[in-house]
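**Q** After the structure tokens below, expect a handful of questions from me.
Just so you know, all these numbers are worked out from the coordinates, no wet-lab data involved. Please read these numbers as outputs of a predicted model, since none were measured by experiment. Please note: Cβ atoms are built from the backbone with ideal geometry, for glycine as well, and neighbour counts cover all protein chains shown.
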Amino acid sequence: MSSQSRVAAAVTELEIETPSWGYGNSGTRFKVFPQPGVPRDPFEKVEDAAIVGRFTGVARSIALHIPWDRVDDFSMLAAFARERGVRIGGINSNTFQDEDYKLGSLCHPSFEVRRKAVDHILECCDIARQTGSTVVKVWLADGSNYPGQDDFRARRRRLIETLREIYPALPENGRMFLEYKFYEPAFYHTDVQDWGQALTVCQHVGERAQVCVDTGHHAMGTNIEQIVSILLQEGRLGGFDLNDKKYGDDDLMVGSIDPYQLFRICHELVKAQADQLTDPVAHANAREVVYMLDQCHNIEPKLPAVIRSVMNLQEAMAKALLVDLDALRQAQSAGDVLEANRLLKDAYDTDVRPLLASARGLAGLPEDPYVAYLASDEERRRAAARVGGVAAGWQ
Ligand code: PSV
Ligand code: MN
């Protein structure tokens, strides 16, 4: 197989998950700008995901966030999704919007509050089982605002204990993802602040506890691709919450600010996939990684933004697949700094859009999903159909 057709095949097979909350109205803490045609319930969010899946061919699963996406009958929601070619992806827990969680959830000093948070995540495990999902995701807003407010080790002990209690309730072969974030909403310390914390906690919890890397959750200048490589080597990279940032946790479209960083992350994943013999752990781990978008479309129209994001990720992945890994290894072992860097940079500088367009065409998809979506009637149709009711948001 030529490198071009290998790239085309890999990119048209890349599975991408979209977030139900990305279809709803969301924004900054200053203002959420409502848009026409926004879904009013989880079923309509699934319809939007199905549209993205139809135009891109690769984004066919939708992550849910509980309680935002609570319905009376989850197996019905899953069946509704299936009929539209959509799968239910990760079940995201929410222990950050209840009065009781002022001082934390799983790390809270009070047993009763921890119990409530555990029960909520157990419910998420149950929802995963009912919807055929294999991932339950935990992101905690837990932390403190003032030095002395609570004890780091006591809180970490509570975290490990509660996650160990939840772990056996995962669906069979299900995985628990623990997501880190260095600050916000807590400003002095965050209980799961970085990959090292998330990794060591996962190691205490169980083999199927893995780390979720939200690309927006790092301090500026952090080398995210190195974090990805370490997690892969440990077999603990669960998945990504993909987005882009300029300053904080900005939740902008993936690849919109720093596409070179996205390419470098993809390069680590591609290398791990190729390392079957030299690093079987990283190889196996790279094959199970979930590529989810965790974005917020406040001023830009939502569906076109999701479609652009999917295309941005495909482009970064295609470029990473073009890196000549044999030549790269040779340059590395010869200590040829410039040649090694040139191999990477040349792949990044390749315009892969024509290649992706023809791969999509061959697969019976629109060559440019974004342009095809804009030319379609979908935007008008959704706005006309969804009049009245309450548009979904993150409250
Ligand atoms: C937290 O900032 C986060 O990235 C987590 O993934 C949450 O579940 C999500 O955002 C909610 O928007
Ligand atoms: Mn996230």
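**Q** Quick check: residue separation of residue 284 and residue 258 times 0.36 nm, minus the Cα distance between them. What number comes out in nm?
**A** 6.6 nm
**Q** Sticking with this one: Which length gain, in nm to one decimal place, applies between residue 339 and residue 153 when the Cα-Cα distance is subtracted from 0.36 nm times their residue separation?
**A** This chain segment gains 62.3 nm when fully extended.
**Q** Another one. Subtract the Cα-Cα distance of residue 384 and residue 326 from 0.36 nm times their separation in residues, and report this length gain in nm to one decimal.
**A** 15.5 nm
**Q** Could you check which residue among 69, 349, 294 shows the biggest mean-square fluctuation in a GNM of the chain with a 10 Å Cα cutoff?
**A** The residue with the greatest mean-square fluctuation here is 349.
**Q** What number, rounded to the nearest 500 deg cm²/dmol, is the helix-based mean residue ellipticity at 222 nm of the chain, given -39500 (n - 2.57) per DSSP H run of at least four residues and division by all its residues?
**A** The helix contribution divided over the chain gives -14500 deg cm²/dmol.
**Q** If we count every other residue with Cβ under 14 angstrom of residue 145's Cβ, Lys/Arg +1 and Asp/Glu -1, where does the sum land?
**A** Neighbourhood net charge equals -2.
**Q** List the residue ranges in the chain for DSSP H helices whose C-alpha atoms run 20 angstrom or more along the long axis and whose Kyte-Doolittle average is -1.0 or above.
**A** 42-56, 111-131, 152-166, 259-274, 302-322
**Q** Next question, about the same structure. Determine the percent antiparallel among the DSSP beta bridges restricted to the chain, to the nearest 5.
**A** Around 10 percent of the beta bridges assigned by DSSP in the chain are antiparallel ones.
**Q** Sticking with this one: How large is the translational diffusion coefficient of the chain in µm² per second when you combine the Kirkwood radius over alpha carbon pairs with Stokes-Einstein at 20 °C and 1.002 mPa s?
**A** 99 µm²/s
**Q** Also, I was wondering about something else. Residues with beta-carbon under 11 Å from that of residue 330, excluding residue 330: net charge, scoring Lys, Arg +1 and Asp, Glu -1? Intermediate results must be reported in sequence, preceding the final value.
**A** Details: positive: 329; negative: 324, 326, 336, 339.
Its environment carries a net charge of -3.
**Q** What nm value, rounded to one decimal, do you get for the distance between residue 299 and residue 226 when each label is placed 7 Å out toward the C-beta?
**A** 3.4 nm
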